[in-house]
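Visitor: Next up is a structure, given as structure tokens.
The values are calculated or read from the model by the stated rules, or taken from the named source; none is laboratory data. Just so it is clear, the model here is predicted, and its values are computed rather than measured. For neighbour counting, all protein chains shown are included, and Cβ atoms are generated from backbone atoms with ideal geometry for every residue, glycine included.
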Amino acid sequence: MSRLFYFLLFSGYLAYACIPDSRSQFGLLFTIYAFVFLIYLFNPGKNLIQKKEGWIFFLACSIPLFFKVPLLSDDVYRFIWDGRLSISGINPFLYLPSELGSYPDLFPKLNSPQYYSVYPPFKQYIFAISAFLAGGSEELNIFWLRLFIMLSMLSGLYFFRKILSLLKKDEIDLYWLAFNPLILIESLGNLHFEVVVLSLLLSSYFVFLKSKSISWSAVLFGLAVSVKLIPLILLPLILRKLGLKKGLVFSLFVLIVNIILFIPFYSPQFFVNFGDSLDLYFHSFEFNAGLYYLLREIGFALTGFNTIQYLGTALALIDLFLIILISSQAKSFLEAVVLILSIHLLMSTTVHPWYIIPLMGLSFLTHLKYPLAWSGLIFLSYEAYHIEMVKENLWLTAFSYLLLFVFIFFDSRQKRIGTF
């Protein structure tokens, strides 16, 4: 029976890779995703991941996605663009794509030619290496990016398994990370680097658990920050966990790693451009944001205009306050990590499906189940792409967040509080 479920799981990933050819086919995409997610959720053969056969199935499920052009996101073309600029000696942080006449074959595929690059330096190095190895071929560029993500996924699974062993947790939890449809589709399928962030965070935590080495743990954490800045919000919690002196040493190493990685891109204009891009994220971008959408509608009713300029700042400040509050009172370190990442996403004005990957991956080290439920519900946000001009169904968004809060409520009722 377990082999049948694994075969159905593989068939679902194969169907996703072979059948849809446009993200506008939401009905078809959601049907396939729901099928895969249900097989993943109710698979009685989860213990196979502890054996060689389970790893073979993992690779089998990965292969169809490995050779598919990203379907649900066109971010990859900006990755290729930034990488080509870097190997040409052009700082990708200093110029808008619309200001350059380079790569006319690639420019029409960019989704944000009017925005400066916001991808941190370690990610830029990966873009550059992939572009160099590709030799101008778009297909090969995608292949090299995907290979790096695949290696990161395998690394993350390795460290996750080691952490489970150190924490004396059931290795069946490895199944939930290895076969999760959102992680596989968004990482290998759509080439988003949140799984790289997750892998680096897992390696950082493993090094700390195994050797208590603050310096090497901080270096790995710093690399995660240099892929995506979000892990910075965990520093107040880490300060509490390590104590002030060790926490400051940890933070100093994180800072040094990022300064070193940023040096090749340094320019006075860099800070202005990077700041402009971050400002756009907090005060212009809107997608799949439950709490923000509710407050935005109230703002419309009271003022008659979109209050994102004020709400974006207000939610960011509330986010910071709650992060500090949770960090100061947490009893369970891992559960606090999950809660902080959750609060940040719930306070954001933009929540793309791949944003929850680090949250969900780390939640598998805890008893919390709502991030797993969120990984199923968040795929509903792709309904916004059912027409060429992106338009969200706010009733569907409200429905998905309502169900999410139901799962959060039941999780909170379990009262599973660990020791700090």
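Visitor: Please work out which residue is nearest to the chain's Cα centre (by Cα), limiting yourself to segment 178-191 and to residues that are assigned to a loop (DSSP other than H, G, I, E, B) and farther than 17 Å from residue 125 by Cβ.
Guide: Out of the qualifying residues, it is 190.
Visitor: Can you tell me which residue within segment 280-305, out of those that are loosely packed, with under 13 Cβ neighbours inside 10 Å and farther than 22 Å from residue 404 by Cβ, is modelled with the highest pLDDT?
Guide: Per the criteria, the residue is 303.
Visitor: Considering only residues that are surrounded by fewer than 22 Cβ atoms within 10 Å (Cβ to Cβ) and of a type in the set (A, V, I, L, M, F, W, C), look in segment 325-337 and name the one that is farthest from residue 241 (Cα to Cα).
Guide: 325
Visitor: Give me the residue from segment 63-122 that is aromatic (Phe, Trp, Tyr) and assigned to a loop (DSSP other than H, G, I, E, B) and, out of that set, farthest from residue 277 (Cα to Cα).
Guide: Among residues in segment 63-122 that are aromatic (Phe, Trp, Tyr) and assigned to a loop (DSSP other than H, G, I, E, B), the one farthest from residue 277 (Cα to Cα) is 67.
Visitor: Surrounded by fewer than 18 Cβ atoms within 10 Å (Cβ to Cβ), more than 21 Å from residue 23 (Cα to Cα) and not β-branched (Val, Ile, Thr): which single residue out of 86, 137, 117, 130 fits that description?
Guide: 137
Visitor: Can we say residue 287 is in contact with a strand residue (DSSP E or B) (Cβ under 7 Å, 6 or more places away or on another chain) and touching a residue at least 60 places away in the same chain (Cβ under 8 Å)?
Guide: Taking the combined requirement at face value, the residue satisfies it.
Visitor: Moving on to the next point. So the check is Cβ under 6 Å with 6+ separation or different chains; which pairs have a first residue in segment 156-178 that's under 20 Å from residue 57 (Cβ atoms) and a second one that's part of a loop (DSSP other than H, G, I, E, B) and at pLDDT below 90?
Guide: Filtered contacts from segment 156-178: 164/171.
Visitor: Could you go through segment 93-102 and let me know if any residue there is without any contact (Cβ under 8 Å) to a residue 60 or more places away in the chain, within 21 Å of the chain's Cα centre (by Cα) and farther than 25 Å from residue 383 by Cα.
Guide: No: zero hits.
Visitor: Among what's in segment 44-99 and is modelled with pLDDT of 85 or more and acidic (Asp, Glu), pick the residue that is farthest from residue 134 (Cα to Cα).
Guide: 99
Visitor: Of all residues in segment 406-420 being of a type outside the set (Ser, Thr, Tyr), loosely packed, with under 14 Cβ neighbours inside 10 Å and in a helix (DSSP H, G or I), which is modelled with the lowest pLDDT?
Guide: The selected residue is 413.
Visitor: So, residue 349, is that one touching a residue at least 12 places away in the same chain (Cβ under 8 Å) and surrounded by fewer than 16 Cβ atoms within 10 Å (Cβ to Cβ) or not?
Guide: no
Visitor: Consider only pairs whose beta carbons are under 6 Å apart and that are at least six residues apart or on different chains; among these, list those whose first residue lies in segment 126-145 and is in contact (Cβ under 8 Å) with a residue 12 or more places away in the chain and whose second residue is outside any helix (DSSP H, G or I) and buried (at least 17 other Cβ atoms within 10 Å of the Cβ).
Guide: Hits for this filter: 145/191.
Visitor: When you go through 363, 342, 375 one by one, which is the residue that is under 16 Å from the mean Cα position of the chain (by Cα) and more than 18 Å from residue 231 (Cα to Cα)?
Guide: Selected residue: 375, the only one of 363, 342, 375 that is under 16 Å from the mean Cα position of the chain (by Cα) and more than 18 Å from residue 231 (Cα to Cα).
Visitor: Counting just the residues of segment 216-261 that are among the hydrophobic types (A, V, I, L, M, F, W, C) and part of a loop (DSSP other than H, G, I, E, B), which one comes out surrounded by the most Cβ atoms within 10 Å (Cβ to Cβ)?
Guide: So, considering only residues that are among the hydrophobic types (A, V, I, L, M, F, W, C) and part of a loop (DSSP other than H, G, I, E, B), the one surrounded by the most Cβ atoms within 10 Å (Cβ to Cβ) is 227.
Visitor: Residue 375 - would you say it is polar (S, T, N, Q) and in contact (Cβ under 8 Å) with a residue 40 or more places away in the chain?
Guide: yes
Visitor: For residue 316, work out the one condition from (1) within 26 Å of residue 203 (Cα to Cα); (2) at pLDDT below 95; (3) hydrophobic (A, V, I, L, M, F, W, C) it doesn't fulfil.
Guide: Against the list (1) within 26 Å of residue 203 (Cα to Cα); (2) at pLDDT below 95; (3) hydrophobic (A, V, I, L, M, F, W, C), residue 316 comes up short only on (1).
Visitor: Okay, next question. Just checking, which of 412, 348 is polar (S, T, N, Q) and under 28 Å from residue 313 (Cα atoms)?
Guide: When all the criteria are applied, what remains is 348.
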